[in-house]
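Student: The structure is given below, and queries will be raised subsequently.
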Amino acid sequence: MNATTRPARPLPALRLDAAGGRHVDIRAVLTLAAPLVLNSSIQAVLGLTDTWFIGRLSVDATAAMAAVYWLVILSLFLFSGATMAVQTLVAQAWGAGRYKRASQAMWMGFWGALATAPVFVLLIWGAPALLAPFGLDPHIESLALEYWRPRMIGGPLAAALWA
């Protein structure tokens, strides 16, 4: 059975009233949104926890983390963000019952994540040059590099998890 002969499925948040009018099913929307809200909440709590723990180490450690935090996020999204698109491709293929295509998309994402490894190695190697324009105190820069390295090492792993 191909896509043209498959019967149309109702949209997940579509509710029809007694007269056949289309309405948004708020309960379905909330059910679909709940995992995203939970994930975002957990990410916020993790960020606060990191900041709290690092803040207890020293003011310099907090300054170092703040100096590279947005560079870390930018690097992860810029160099491995394309693997996030794989989630959509896999979900669409899975929802359409095309399990082989979903598997192929997932493996493409995995190999794409693996291909980012050299980029992240270059980011580790070039980190001092990336931080130079900020004119950080040498002690804070060394702490920032200590925060930077493990996150860049984990870059390909993060990309694989996103895929």
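The values are calculated or read from the model by the stated rules, or taken from the named source; none is laboratory data. Note that the coordinates shown come from a computational prediction; the quantities given were computed from them, not determined experimentally. A quick note on method: Cβ atoms are made from the backbone with ideal geometry, for glycine too, and the neighbour counts reach across all protein chains shown. Ligands, DNA and RNA are excluded from the accessible area calculation, which covers all protein heavy atoms including side chains. Shrake-Rupley method; radii C 1.70, N 1.55, O 1.52, S 1.80 Å.
Student: Is it the case that segment 59-67 has a residue that's free of Cβ contacts under 8 Å to residues at least 24 places away in the same chain and over 20 Å from the mean Cα position of the chain (by Cα)?
Tutor: Checked segment 59-67: at least one residue is free of Cβ contacts under 8 Å to residues at least 24 places away in the same chain and over 20 Å from the mean Cα position of the chain (by Cα).
Student: Find the residue count for segment 93-128, including only residues that are part of a helix (DSSP H, G or I) and over 20 Å from Leu74 (Cβ atoms). Quick ask: steps written out before the conclusion?
Tutor: Let us first name the residues in segment 93-128 that are part of a helix (DSSP H, G or I), namely 93-95, 99-115, 117-125, 127-128.
Filter once more, keeping what is over 20 Å from Leu74 (Cβ atoms): 93-95, 99-111, 114.
Counting residues in segment 93-128 that are part of a helix (DSSP H, G or I) and over 20 Å from Leu74 (Cβ atoms) gives 17.
Student: Sticking with this structure for a sec: Among the acidic types (Asp, Glu), open to solvent by 90 Å² or more (accessible area, probe 1.4 Å), under 30 Å from Ser58 (Cβ atoms) and assigned to a helix (DSSP H, G or I) - does that describe any residue in segment 129-141?
Tutor: no
Student: OK, next. When residues of segment 13-27 are filtered for being hydrophobic (A, V, I, L, M, F, W, C) and outside any loop (DSSP other than H, G, I, E, B), how many remain? Don't jump to the end; show me each part of the working.
Tutor: Restricting attention to segment 13-27, the residues satisfying the condition of being hydrophobic (A, V, I, L, M, F, W, C) are 13-14, 16, 18-19, 24, 26.
Those still in the list that are outside any loop (DSSP other than H, G, I, E, B) too: 14, 16, 24, 26.
Number satisfying all stated conditions: 4.
Student: If only one of Ala85, Ala96 is over 18 Å from the mean Cα position of the chain (by Cα) and within 22 Å of Pro12 (Cα to Cα), which one is it?
Tutor: Answer to the check: Ala96.
Student: Identify the residue in segment 144-159 that is under 14 Å from Leu78 (Cα atoms) and of a type in the set (A, V, I, L, M, F, W, C) and, among all such residues, is modelled with the highest pLDDT.
Tutor: Out of the qualifying residues, it is Met152.
Student: Condition (residue is open to solvent by 30 Å² or more (accessible area, probe 1.4 Å), within 20 Å of Ile54 (Cβ to Cβ) and β-branched (Val, Ile, Thr)) applied to segment 89-96: is it met by at least one residue?
Tutor: no
Student: Report, ordered by the first and then the second residue, all pairs with beta carbons closer than 6 Å, sequence separation of six or more or different chains, a first member in segment 35-56 that is at pLDDT below 90, and a second member that is small (Gly, Ala, Ser).
Tutor: Partner pairs satisfying both residue conditions: Ile54/Ala61.
Student: Right, here's the next one. Can you find a residue that is open to solvent by 30 Å² or more (accessible area, probe 1.4 Å), farther than 22 Å from Ala163 by Cα and among the aliphatic types (A, V, I, L, M) anywhere in segment 34-52?
Tutor: yes
Student: A follow-up question, please. Checking the condition buried (at least 18 other Cβ atoms within 10 Å of the Cβ) and within 26 Å of Leu46 (Cα to Cα), which residue from Leu157, Leu78, Leu161, Leu71 passes?
Tutor: Residue meeting the stated conditions: Leu71.
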